[in-house]
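Comments concern the structure below.
The values are calculated or read from the model by the stated rules, or taken from the named source; none is laboratory data. Nothing here was measured: the structure is a model prediction, and the numbers come from that model. Cβ placement follows ideal geometry from the backbone for every residue including glycine, while neighbour counts extend to all protein chains displayed. We work out accessible area using only protein heavy atoms, side chains counted, and drop any ligands, DNA or RNA first. Shrake-Rupley method; radii C 1.70, N 1.55, O 1.52, S 1.80 Å.
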Amino acid sequence: MGVNENIFLIGFMGSGKSTIGRMLAKALNSLFLDTDDWIEEHTQKSIPEIFSSQGEEYFRLLEKKALEHLATGTGQIIATGGGMPCFYDNIKTMNQYGITIYLRMEPKDLLQRLRNETAKRPLLHNKSEEELLGWMDLKIKERNLYYEQATFIIDAHQEKEWILEELLRKLHPYV
Ligand code: S3P
């Protein structure tokens, strides 16, 4: 099996884009890529370093560049940074160059996952759990405007294996 189109996984931090992306790439015998990894390799800096030395706006430009570069390939499974679809025309670019899948999850469940992973995610720095929950609630509402433009929306609270099966079923016409 293989896909001709690119498949972009979108959704909030902690929704499982990289985990599910890797599983999907294995099942479809396709190349797996991650936009955050691409940025880190090309700048030789970690994401927190980029945020602290050059700021978020510069990071968003790098994301746009990463997307424009990666979108020229075909048949790739691409996990994207949580904010990517919400800046510039990125969601349009993704829908133009492939199929987009939104892994949707509730803030309180995301918080369980992100609780111990704030160090590598600059937007989560210096917030108490209560602040984090309120902030995520608001952010997800804002971002849903973009996330919901995805080709498919998947309930990401489910078991990984269920999500994979469901995705393969939805992608069947394309593979
Ligand atoms: C971000 C999500 C992160 C990373 C950066 C900003 C966001 O990626 O791109 O820290 O704006 O939601 P993950 O969604 O892979 O954690």
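Calculate I(q)/I(0) for segment 1-95 by the Debye formula, one identical point scatterer on each C-alpha and no solvent, and give its log10 at q = 0.12, 0.17, 0.22 Å⁻¹ to two decimals. After summing over all Cα pairs, the log10 values are -0.36, -0.71, -1.14. Taken over the C-alpha atoms, segment 63-145 has Rg and Dmax values of 14.4, 42 angstrom.
Our analysis of the chain gives Rg over Rh at 0.95, with the two radii drawn from alpha carbon positions and Rh computed by the Kirkwood formula. Taking every alpha-carbon pair under 8 Å whose residues sit at least 6 apart, segment 6-168 reaches a relative contact order of 35 percent.
Computed over segment 39-107, the P(r) tail beyond 15 angstrom holds 55 percent of alpha carbon pairs.
Using Cα-Cα distances under 8 Å and only pairs 6 or more residues apart, what relative contact order does segment 23-112 have, in percent?
Working: 62 pairs, mean separation 30.2, N = 90.
Answer for segment 23-112 is 34 percent.
With loop defined by DSSP as not H, G, I, E or B, and exposure as at most 15 other Cβ atoms within 10 Å, which is the longest segment of the chain clear of exposed GluC sites (Glu not before Pro)? For GluC sites (Glu not before Pro) (loop position, at most 15 other Cβ atoms within 10 Å), the longest site-free span of the chain is 6-116.
Averaged over its residues, segment 6-168 has an accessible area of 50 Å² per residue, based on protein heavy atoms and a 1.4 Å probe. For the options TYR147, TYR97, TYR88, a Gaussian network treatment of the chain with springs between C-alpha atoms closer than 10 Å singles out TYR88 as fluctuating the most. Net charge dipole, the chain: roughly 160 debye, given to the nearest 20, about the Cα centre with Cβ charges of +1 for Lys and Arg and -1 for Asp and Glu. Surface composition of the chain: carbon and sulfur atoms hold 48% of the protein heavy-atom accessible area at a 1.4 Å probe.
Which value in deg cm²/dmol, rounded to the nearest 500, describes the helix-derived mean residue ellipticity at 222 nm for the chain, given -39,500 (n - 2.57) per DSSP H run of n ≥ 4 and division by the residue count? So the calculated ellipticity at 222 nm is -16000 deg cm²/dmol.
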